[in-house]
Structures are given as C-alpha cells and as structure tokens.
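Structure first, then comments.
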Amino acid sequence: MKSLLLFFSLAVSFTLNAQFTVQDSFEIFGKVGDKDIGPYFTLQNSSDTVVNFYWKLVKEDDFPRDWEISICDQITCWVSGQEVSDCERLDESINIFQSGEENSFFKVGIKSETGVSSKGRHSANFYLTKECDNMEDESVLTQIHFTFEITGGVSTHNITEDSSYSIYPNPIQSLISVSNDEQVAEVTLYTLTGHQLSSSVHSPGEQHDLSDLERGMYLVQLRNSQQKILGVERIMKVD
C-alpha cells in the first residue's frame, strides 16, 4: 500500500501596505512522518521607511491535532506550537525591516506524525500585524493563506526541502559538517536577526571552521548551485 503523502500548497503574492512584497508559489510533497515540510519564503521591504511587525497563525477549527506547525521568522525558528509572536517579550519578538532589506528566513512548516488518520484539506492563515496578538482590522497588515492536504497520491517533483539536511555537531566548538550534502553548494552563516556573517562554497564532505565565532546562537543556510534554499539550521556555538 502506498504511504500517505502530505501535500503542502502555498500560494503567496501580496503587498504589505505597499511596503513588503513577496511573490512565489509552492507545491511541496513529503511522506507522513517527515521532520518538517514547508518552504522558506522571502519578504522584501520595498518602501523608503522602516517596517515593524509581529505575526500570528490562525488554524481552522478542525485542523488535525497531529499536524504540528513550526514557524521561522527574522528572529529565530520557534518551537513547535508557538503560533503567535512572544507578546511577553515584545522587544525581542518584533521583526524590523530596514528600507530595501530582504530576508528569506520566513517559513510556516508542518510535521505530521506517522500513523496520522485524517485525510483531506485543512487551512490556516498567517497574519502580519502592527501590534502583538492584535487581530483588529487596524492592526492587521496582511494575511497569507495556507492549505494543507493529505492524499494517497505520489509525486516526485518540486520538492524544495529535504528534512535530512542537518548541521553537526550541534552545539559546535570549531568545525561543522553537513549531512547528505551532495546537493549543497553554499553554506552561509547569519545572526538570529538575519545579518550575514560569512558565505562559503561547499563541496561534498567539506567541513567549515567556525572556531572564531563568539559563544551564542546562529543560523546556517544551505543552498544548491541554483541558489535554491535547501534548509536553514539553528546552531549553538560553545567555548
């Protein structure tokens, strides 16, 4: 019997108060039980002013309990179940985009446990807001609609991420390696706020020396030779 597949459909083409723009569409397929399925998408501040915002995910009432949602924003990748910006730490949760800034660390991913029994289509809306957890009209900047579907079909095209990519060891002291790195052509290091620190060409089996980094949390982005994002991993640097 064919394994159930998780089909994740995202279509985004919007302008955020004529300031943020993102245009792309994705169809992503993965087997039930995959670690994390979902695309990173890029927001760009096309205005001449600074734009600040928070976010919130709102799922439909019958959204399956065994479909776990994880969200990455400009700041960090939040733990599964964090579906609204941390309103208790406002200064540490607000996303701040300078004029002309572009950031590709935005993601709404899904994980479906093995043995999931619910088929069908389920939806969620991802809101960008001026105020944390404020869904009043004057606070909502825009919303992105997500549709998730579990089917029995099989497809082999348009897989934008492979959950098998990972950085190890983690935490790190000096050298890092990339698992299943045959398609990885570039390794780029960022701070948690999206500031690029370095970018290196990568060959299969190659290690990268991060011993000069200060102790703390960082993001490592993996791209292939066509500059397609394969994944982003959060790492901890220790002494």
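The values are calculated or read from the model by the stated rules, or taken from the named source; none is laboratory data. Predicted model, so just to flag it, every value in this text is computed and none were measured. Here the Cβ positions follow ideal geometry from the backbone for every residue, glycine too, while neighbour counts run over all protein chains shown.
A compact table of results
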{"item": "Filter result for the condition that a residue is modelled with pLDDT of 80 or more, β-branched (V, I, T) and not assigned by TED's automatic domain parsing to the domain that holds D48, over V187, V108", "result": "V187"}
{"item": "Filter result (modelled with pLDDT of 90 or more and closer than 13 Å to V187 by Cβ) within segment 206-224", "result": "E206, Q207, H208, D209, L210"}
{"item": "Residue check for S174: more than 24 Å from F63 (Cβ to Cβ), among the small types (G, A, S), touching a Ser or Thr at 6+ places or on another chain (Cβ under 7 Å) and modelled with pLDDT of 90 or more", "result": "yes"}
{"item": "Selection count, segment 225-239, where residues are aliphatic (A, V, I, L, M), at pLDDT 85 or above and either surrounded by fewer than 19 Cβ atoms within 10 Å (Cβ to Cβ) or part of a loop (DSSP other than H, G, I, E, B) (or both)", "result": "0"}
{"item": "Test: residue in segment 79-92 that is touching a Cys at 6+ places or on another chain (Cβ under 9 Å), at pLDDT 90 or above, crowded, with 18+ Cβ neighbours inside 10 Å and within 26 Å of L222 (Cα to Cα)", "result": "yes"}
{"item": "Yes/no for H202 being farther than 18 Å from S70 by Cβ and surrounded by 11 or more Cβ atoms within 10 Å (Cβ to Cβ)", "result": "yes"}
{"item": "All positions within segment 36-92 that are closer than 21 Å to H195 by Cβ, under 15 Å from the mean Cα position of the chain (by Cα) and either of a type in the set (D, E) or assigned by TED's automatic domain parsing to the domain that holds Q227 (or both)", "result": "D73"}
{"item": "Residue tally, condition part of a loop (DSSP other than H, G, I, E, B), touching a residue at least 40 places away in the same chain (Cβ under 8 Å) and more than 18 Å from L189 (Cβ to Cβ), over segment 70-85", "result": "1"}
